[in-house]
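Visitor: Got a structure here, written out as structure tokens. Questions coming.
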């Protein structure tokens with residue numbers, strides 16, 4: 001399919017660069033010749049997240065403080081794909097083990113989503129992880145403070161209905177996973 005709406009990048013300059021984020025400013029030309037400048041782009045590594053379910057059928061949640069909003073909230077496990085991860089599935093398996101101490105028997109890919117395709121270059125790859133078993137303690141990165149919570153599927157669905165999850169990409173993942181599990185009815 002022809003992409004007649006695609007912009008042409010005339011120039012690009014890095015403004016900020018560090019391990020987990022780069023910011024650049026582009027000058028672009030639209031197909032009608034209009035110049036768009038400045039256009040700011042945020043480059044992040046790919047992300048992964050999972051709805052993780054233990055062998056006992058409990059959903060693994062994380063409680064974390066998020067400084068930008070100044071809130072402590074519930075999330076599903078996930079994080080950045082490292083350059084050493086051979087695949088997205090390997091990345092989510094690593095993140096789950098580090099953040100929760102659980103290893104999983106099965107991973108089902110549920111697709112990807114974007115936090116903001118107008119400014120962010122990356123995607124979050126979504127998984128349903130099942131057959132989880134606790135095999136070791138958490139191994140958190142510096143700056144991480146994660147409280148792991150185990151809830152029944154019924155309690156989890158109640159939390160979803162109460163809008164307990166504010167992270168939009170996690171909410172997308174949750175609905176896709178519930179649909180996969182046959183726990184979401186779309187009429």
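The values are calculated or read from the model by the stated rules, or taken from the named source; none is laboratory data. Computed from a predicted structure; not experimentally measured. No Cβ is skipped: glycine too gets one built from the backbone with ideal geometry, and neighbour counts run over all protein chains shown.
Visitor: Return the total of residues in segment 15-39 being within 22 Å of residue 81 (Cα to Cα) and at pLDDT 95 or above.
Guide: Matching residues across segment 15-39 total 5.
Visitor: On to the next question. For segment 156-174, what are the residues that are over 13 Å from the mean Cα position of the chain (by Cα) and free of Cβ contacts under 8 Å to residues at least 40 places away in the same chain?
Guide: Residues satisfying the conditions are 157, 158, 160, 161, 162, 163.
Let's see how each residue does on (1) modelled with pLDDT under 95; (2) farther than 19 Å from residue 47 by Cβ; (3) crowded, with 19+ Cβ neighbours inside 10 Å; (4) touching a strand residue (DSSP E or B) at 6+ places or on another chain (Cβ under 7 Å):
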residue	(1), (2), (3), (4)
83	yes, no, no, no
91	no, no, yes, yes
95	no, no, yes, yes
129	no, no, yes, yes
152	no, yes, no, no
